[in-house]
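Here the structure is laid out as structure tokens; the discussion comes afterwards.
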């Protein structure tokens, strides 16, 4: 046997042993002794075997997580095709169970839609990321602040979700994007630091981007998202929830860790930074549409996925982490970035993580407060093993 062939053969055997231990079954001695033709025996490739083992291990992992408190839905895919999906627990406690089509509050994963909408408008000439906010809102008080500064969280704006009724007015039950904008114009809250000094995550940035979308298109944020993105992509379980029309809420309820329903607060009326509900099935459609250039062209996607903060203040000095246009990213060992965004709002803890090079996607949407939802490293480990076996299978 040639050395190269022997090496490949040994690699396959070793990987199979590492990937999972075999359980050999005793042959069935009751079957007929008639000789069976080789073509009648089902063949299982290494890749098929690896995919089956990955499915079993991921399923076992999330069933254990469910016993430990996880309540939500999971979708794992490669190149837009599902490897694993599952739903665990309740959409409404002890009343309605979750399915992979149940819409769950995306929280800050909403920002991936808002930033993509901005890039789509830029791609079609409706705006530029270098436009200042005064172009859209002439009375906006902070000079030199651009769309790009909002996209990259480098504006220095204050966090609006900490404002109280004493600041916005005792007659305001719920903020809206318009009321938020007018409060900034009227009150001129001081910046936390000068524009573009450093990265600091701030929901106000994406609330204002939603206002930019509304100003440029003449449509509400919810209608624009539905008509331009959700409906064309067949995302039938996805919507932007507006308190102006509470009948639009048809998704899972949001619970704290003790199954108490989260009550809406003043900032729930604001969209763009949060407010979109979607299912894991629809989020896979979103991932697939982005990968296949169905929403943005390659140049726009490249800009969106480009790290934008290299100063020492970015992510507490963790140089491997960064932020693009609506996307977080972590540099991997091969210098490629894992592109993702998490979400956390009213007990909804979510993950939308995308390995662009390997083609893998992990989607976790939870509607009961549990920060362990973000723990996905075991899943990445299972996928890595599966990919190693697939690589050997291709060589064979």
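Values computed for the structure shown
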{"read-out": "Stretch gain in nm, segment residue 334-residue 257, where the contour uses 0.36 nm per residue and the Cα spacing is subtracted", "value": "23.9 nm"}
{"read-out": "Shape parameters for segment 238-287, alpha-carbon atoms, Rg then Dmax in Å", "value": "12.2, 32"}
{"read-out": "Potential extension, residue 197-residue 185 segment - 0.36 nm per residue separation minus Cα distance", "value": "2.1 nm"}
{"read-out": "Contour minus Cα-Cα distance for residue 288 and residue 139 (0.36 nm per residue)", "value": "49.7 nm"}
{"read-out": "Virtual spin-label span in nm between residue 159 and residue 265, 7 Å along Cα→Cβ", "value": "1.0 nm"}
{"read-out": "Degrees, to the nearest 10: 46-67 long Cα axis against longest axis of the chain", "value": "50 degrees"}
{"read-out": "Dimensionless Rg ratio for the chain, taking C-alpha atoms and the 2.2 N^0.38 Å reference", "value": "1.14"}
{"read-out": "Using a Förster distance of 25 Å, the FRET efficiency for residue 94-residue 372 (Cβ separation, nearest 0.05)", "value": "0.70"}
{"read-out": "For peptides 109-122, 69-82, sequence by mean Cβ density within 10 Å, most packed first", "value": "109-122, 69-82"}
{"read-out": "Residue-averaged 222 nm ellipticity for the chain, from DSSP H runs of 4+ at -39500 (n - 2.57), nearest 500", "value": "-10000 deg cm²/dmol"}
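Rule-based calculations on the coordinates, nothing more; no lab input. Worth saying up front: this structure is predicted, and the values here are computed from it rather than measured. FYI the Cβ positions are ideal-geometry reconstructions off the backbone, even for glycines, and counts take in every protein chain you see.
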